[in-house]
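Here the structure comes first, spelled out in structure tokens, and everything after it is commentary.
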Amino acid sequence: MSAGVARSLRWAGGMLAAVIALSPLPCAAIDWLVLVVDRSKSIDDRELALQRSAYVRVLSDASVIDALDGAQVAIVEFDTRSEIVVDWTDPATAARLYRDKRPDGLRGQTGIGGALTTALALLAGKGGRLVIDVSGDGKENVDTALLSGMRAAASQRAIEVNGLAIMSPDTPEIDRYYSQQVVNGFVLPVEETGDFQSALKRKLFYEVAGADPEAGTIDLAAAHR
């Protein structure tokens with residue numbers, strides 16, 4: 001881990017503690033949350049299993065369930081195609097259903113735009129606060145124009161898109177790419193796959209805290225550019 005990223009993560013942890021201390025959770029309820037998970041061929045079966053396990057554990061966590069406070073959750077996985085693997089339900093049920101998901105053998109390219117298309121379709125007609133979380137380790141390599149269009153569509157519909165960028169030697173600046181090309185909110189970099197669970201939980205609490213990016217939301221990609 002670089003010194004800059006380490007400082008950013010320590011700073012973010014302190015800021016999160018301050019947000020929680022100053023404003024009891026939840027202070028900005030999420031009504032509908034789509035979790036978008038990269039399963040493309042850049043992620044091997046072991047890494048995919050670790051990601052899925054992290055989502056199951058976090059969505060089963062009592063503190064997360066309390067913070068989400070009635071939010072409905074759906075889970076989308078993507079490679080060249082995207083798939084709704086868990087349709088709308090409560091967090092605990094989503095965790096139980098996702099626990100049974102198994103690796104799918106050969107997988108395709110990284111189609112983030114298609115995944116956002118599916119996520120936006122899930123949110124069609126929904127009211128309240130709408131959030132999409134995208135996690136992955138690679139750049140769009142299926143349809144860059146579609147990704148750009150879906151990111152713009154999310155912003156037009158006031159749908160928050162935040163990211164967990166899994167850092168790797170193959171894509172050393174994937175957090176910056178997510179910040180510039182994928183999300184309209186904040187990005188949290190994950191240096192090691194084993195850190196994914198704690199980063200995912202931290203990101204969900206950032207979202208529930210509900211700070212506006214221009215008013216101090218943690219954008220770790222921007223913090224170490």
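Throughout, read-outs are computed from the coordinates displayed, never taken from laboratory work. This is a predicted model, so every value here is computed, not measured. For neighbour counting, all protein chains shown are included, and Cβ atoms are generated from backbone atoms with ideal geometry for every residue, glycine included.
Compared with the alpha-carbon gap, the fully stretched path from Thr89 to Asp44 is longer by 13.4 nm at 0.36 nm per residue.
The stretch between Gln181 and Ala29, if pulled fully straight at 0.36 nm per residue, gains 52.1 nm over its current Cα-Cα span. Classify the stretch 24-135 from the C-alpha gyration tensor, please: rounded if a/c falls under 1.5, else prolate or oblate depending on whether a/b exceeds b/c. In terms of gyration-tensor shape, oblate.
Taking amide H as placed 1.01 Å from N in the peptide plane, Leu164 has its amide H under 5 Å from the amide H of Val134, Ser135, Gly136, Leu188, each at least 5 places away in sequence or on another chain.
With the cut-off at 1.5 for a/c, could you classify the stretch 105-192 from its C-alpha gyration tensor as rounded, prolate or oblate? Cα axes put the stretch 105-192 in the prolate bin. For the stretch 27-102, the set of trypsin sites (Lys or Arg not before Pro) satisfying both a DSSP loop assignment and a count of at most 15 other C-beta atoms within 10 Å is given as Lys41, Arg81. A straight Cα-to-Cα reach below 19 Å connects Lys41 with the lysines Lys101, Lys139, residues fewer than 8 places away in its own chain not being considered. The trypsin sites (Lys or Arg not before Pro) of the stretch 102-167 include none that DSSP puts in a loop with a beta carbon having at most 11 other beta carbons within 10 Å.
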